[in-house]
Amino acid sequence: MPFLPTAPVRIQPYFGYRNRSRLRLTARALRSRVGKFEKRGKWRAAKTMLGQFASHEVGEFPVELEIARPGEASQRHQGLTDGEGFVHFDIRLDPEWEYDVHPAWETVVIHWQANGAEQCLDAHVLAPGDDTGLAVISDIDDTIIETGITGDFRAVLRNWRRMLMEMPAERILVPGADVFYNALGGGEVLADGSGHAGTRQPATHRPFFYVSSSPWNLFSYLVTYIRGRGLPLGPITLRDWGLNRETFGSSSHGAHKRAAIDGILATYPDMKFALIGDDSQGDLTAFADVALENPGRVRAIFIRKVGERMTYDELTAKANLEATKVPLWHGNSYDTGHNFLASIGLLADDEAKAIVDTVEATDPELA
């Protein structure tokens, strides 16, 4: 059902990322208002959140992406939105675009026509550094924030109030997540402010990527939450959430996250990864499969315990990880996770430091 069909078209850019040979960025053409996630009463909060979903996607809409290498003239690349309003830029970089020494956010500019004039908006692309040996892929739902927006329809209904009535500043951070994530990521986050194509800003020492089954409509909400809680900022891969068998339910949830993780690993074949998730949606099983199918690529797996006892599949996954000597932390407090980071050498900058084989017995099932 179309909403606000006469409102001006705006472009919602999502964080992109690149390697030396390809740059990927997704944006969406919408007729909707920009949400301001301010704590100004429950009714206004509900109105703001409903506005994130009550948008009219604009298909067949031309969009341009302007990129610029340092010291070179900028180039524009043409794109056209699909039926859901998405435009996916996958740009080959020829010649290759080398990394700087440290990871950085690089500014690109999106251009489109609205109200008879050209509009433009900054977007940001994460580039690793030459010194990047390890990156982090993290879940969001129930790992850093209790979203209540994944799972079956009953789970959504049970958590409608949390989704619609609470602004990012009101959501409760998973205890210890800020200290744990910053110890693993280190460095600075993307600062506010505008620039031009080619502008660079510092990123965290270890690049972060977030993967969630939350809908793309919540991108700005989640960015506001991550910024406000001092967590490392990084590209966020969300999901087109339709009420159909293909895009709704636990099976599509797992397939979406796995595809996103596989895509990140394929983009950075020379990089190792730490994977962070929780035990409410099969993350341990999925992460173990990733580790087994990509030998030597997964440095460690962190699973926040929020559910019941481990299932047969999870116990099998744990045994497989032990056999391949991939360190696993499975606990309910990121405080002990911080100690685990130290025990496997991930608090040090030297990525060649040997990984110890012992894991803290934070759970009787791991003893």
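Largest accessible area first, the listed residues Arg239, Arg24 line up as Arg24, Arg239 when surface is computed with a 1.4 Å probe on the assembled protein chains. Summing charges over neighbours of Gly71, with a neighbour being any other residue whose Cβ is under 15 Å away from its Cβ, gives -2 when K and R count +1 and D and E count -1.
The charge dipole of segment 70-153, taken about the Cα centre with unit charges on the Cβ atoms of Lys, Arg (+1) and Asp, Glu (-1), comes to about 400 debye, rounded to the nearest 20.
The values are calculated or read from the model by the stated rules, or taken from the named source; none is laboratory data. Here the structure is a predicted model, which means the values were calculated and not measured. Glycine also receives a Cβ, built like all others from the backbone with ideal geometry; neighbour counts cover every protein chain displayed. Ligands, DNA and RNA are excluded from the accessible area calculation, which covers all protein heavy atoms including side chains. Shrake-Rupley method; radii C 1.70, N 1.55, O 1.52, S 1.80 Å.
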